[in-house]
Every structure is written in C-alpha cells, then in structure tokens.
Amino acid sequence: MNTKVIDFHTHIFPDKLAPKAIAALEHSGGVKAATQGTKESLKRSMMQGGVDFSLNLPIASRPDQVQSINQFAIALNQEGLSLREQGGGILSFGAIHPLYEDWKQELRRLQSAGIKGIKLHPDFQGFFLDDEPMVAVMEEAASLGLMILIHCGMDVSFPDIHRSTPERLHRILPRLQGATIIAAHLGGYRYLDDVERLLVGSDVYIDTSFTIGQFDEGQIKRILQNHRPDHILFGTDSPWEDQGKAVAALRALGLPASLEQAILWENGAKLLGL
C-alpha cells in the first residue's frame, strides 16, 4: 500500500488574482506552471497525483498585502481542517512582511485563528534573511509556537541576488534556538554544497521542493540520508512542479522505505497535527 502524502510546499491564489499572478511569475522566472494556481486546480492536481494534503504558503511581497492574504489563508485553513476527517484537504500558513506596522499583532491573529506557521521569502520581500527586521519576525513567531518556512537559496525570479542562503540561515540559528525552522528547496536551491556543510544534521527541517531531478541525484540522496530523518518534508512548490511527477521522482530515488514514508507523510503529519 502506498504511503499517504503531504505536500508541504504549494502556492495558490484567490481565483480573481490567480491568472495575473501566474502569468507574472511565469515571465519573471522563465518557468511554466503545472496548474492554474487556484484552489480547485490544486485539488485536481492532488487527486491526479496521489496527494492527500497540501499546505499553501502565501507570500506578502508588500506590507499592504498582509491583511488580505491572511484572510484568504485563514479561510482556506479552516476549510481544510473541517475536511481533515475525510482524509485530505488544503491547509495554509500565513504571511508576514517585516514592514507591516502591526506585524506582532498579526502573528497573534494568525495563531489564534489556528494557523500553524508563516512563510518568509527574503527575495520577494526585499530583505536579506539575516537582516534585523527579518530576524525579529522569526523570533516573535517562534515565541508564539509558530513554524517558520523560509525560501532558501536562489529564486529563479531573482537570479542575480540571493538574499536567503544556507550561510545566512546558519548565522542566525543561535538566535532561533527552539524554533521550528523549515528551509525550503533542500535547504538552499543551487546551494547544496553549503547545505551539506552547514545544515545537514542540524535541527533545521528541509523540504524537497523543486530539487529532485534538477540537481545531482547522488548529492540529493546523500543529503536526504545524512540529514535527520524526522526533519525532512516532501514538497513540490506547486504550481511550479507537477505533484504527481514529484511524488514519483521521490519514490524513484530508492530511499529506505522507512525514510520515504517519513518524508512523504509522517514528518509533515506530526507538524500539522494530522
């Protein structure tokens, strides 16, 4: 029997905004979306790809987006929780921008609404990961028990400046002891040598989004087998990676069955209370 699957790294937009957002991101990143970037298109993708739960990761690229993004995230998460007993659904993290004036209160609003974490993307938000405003947000989120998922490594929309590298993350970890930090893209898209040097074996979670099949398979397997087995999460970065193909690619690595099951389901289920 196949393991249940949690995709810990997806992105969707409200229906009215999705066409414009997807077109802009396809242009800036030079990539083609696998879905329309809407809730219904993600549900279809999940059904076709054998994914039971997906986690939406919204990004507030401007302070004035925080409130509306989080209203969407809270409603989406509550709907997903209501479907939990049926064995599948879409959950969501929230979004915070360090320049949003009431970011501390917004973190508390997210927590009280049942949101379990936030997504930070230094490139889209215009900060380096180790800039003080970013670290302050992470410290406050951690104090509230919120998970912090960070884009790490290069972003294809920003090829010339990389604001969130494994080295910058490693530098601030002493200030974030006890926090649940999830470093996306195996800890650093196109920075896997630094991931092995600085993050493998640490308390940082990593997700597999947008990496398997793009980089040296031997190095990917080495990272997955040398990192803490309970600190690895399956992710796709949908709509930028086809969920079904990503599940198949992970399974094709030939990892030990216990590790594969932990990555695809157990670790994410524990974090999300599933």
Original post:
Leaving out same-chain residues fewer than 8 places away, which aspartates and glutamates sit with a Cα under 18 Å from that of K270?
Top reply: D7, D52, E85, D203, D207, D230, E260
**OP:** Quote the FRET efficiency, to the nearest 0.05, computed for E40 versus K245 with a Förster distance R0 of 22 Å and r equal to the Cβ-Cβ distance.
**Re:** 0.65
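Which FRET efficiency value, to the nearest 0.05, do you get for H27 and E132 by plugging their Cβ-Cβ distance into 1/(1 + (r/R0)^6) with R0 = 35 Å?
Details: r = 33 Å, r/R0 = 0.93.
Rounded to the nearest 0.05, the efficiency is 0.60.
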**OP:** Name the long-range amide H neighbours of I118: under 5 Å, sequence gap of 5 or more, or other chain; modelled H, no Pro or chain starts.
**Re:** G94, M147, I148, L149
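Please work out the average accessible area per residue across the chain, using the 1.4 Å probe convention, and give it in Å². Don't jump to the answer; show the numbers that get you there.
Details: 11730 Å² over 274 residues.
The answer is 43 Å² per residue.
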Original post:
Residue by residue through region 47-53, which ³J(HN,Hα) values in whole Hz follow from phi under the Karplus form 6.51 cos²θ - 1.76 cosθ + 1.60 (θ = phi - 60°), with glycine and proline marked x?
Top reply: 5, 6, x, x, 9, 8, 10
Subject >> Efficiency of FRET from Cβ geometry, D64 and E140, R₀ 22 Å, rounded to 0.05 >> reply: 0.60
Original post:
Which whole-Hz ³J(HN,Hα) couplings does region 164-180 yield from phi under the Karplus relation 6.51 cos²θ - 1.76 cosθ + 1.60, θ = phi - 60°, glycine and proline marked x?
Top reply: 9, 9, x, 5, 5, 5, 4, 5, 9, 4, x, 7, 10, 4, x, 6, 8
**OP:** Of the listed pairs K119/K245; K221/K245; K104/K245; K39/K221, which have alpha-carbon separations greater than 28 Å here?
**Re:** K104/K245; K39/K221
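Place a +1 charge on the Cβ of each Lys and Arg in the chain and a -1 charge on the Cβ of each Asp and Glu, then give the dipole magnitude about the Cα centre in debye, rounded to the nearest 20.
The dipole magnitude comes to about 460 debye.
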Original post:
In region 1-43, carbon and sulfur make up what percent of the accessible area (probe 1.4 Å)?
Top reply: 59 percent
Original post:
In vacuo Debye scattering of region 141-274, one point per C-alpha: log10 I(q)/I(0) at q = 0.11, 0.14 Å⁻¹?
Top reply: -0.36, -0.59
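What do you get for Rg/Rh over the chain if you use C-alpha atoms and the Kirkwood form of Rh? Let's see the in-between values first.
On the way: Rg = 17.0 Å, Rh = 18.3 Å.
Here Rg/Rh amounts to 0.92.
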Subject >> Fully extended contour minus Cα-Cα distance, from E85 to Q225, at 0.36 nm per residue >> reply: 47.2 nm
Original post:
region 35-78: percent of C-alpha pairs farther apart than 11 Å?
Top reply: 70 percent
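The values are calculated or read from the model by the stated rules, or taken from the named source; none is laboratory data. This one's a predicted model, so the numbers in the text were calculated from it and none came from an experiment. Cβ sites come from the backbone with ideal geometry, for glycine too, and all protein chains shown count toward neighbours. SASA here: full protein model, heavy atoms, side chains in, ligands and nucleic acids out. Shrake-Rupley method; radii C 1.70, N 1.55, O 1.52, S 1.80 Å.
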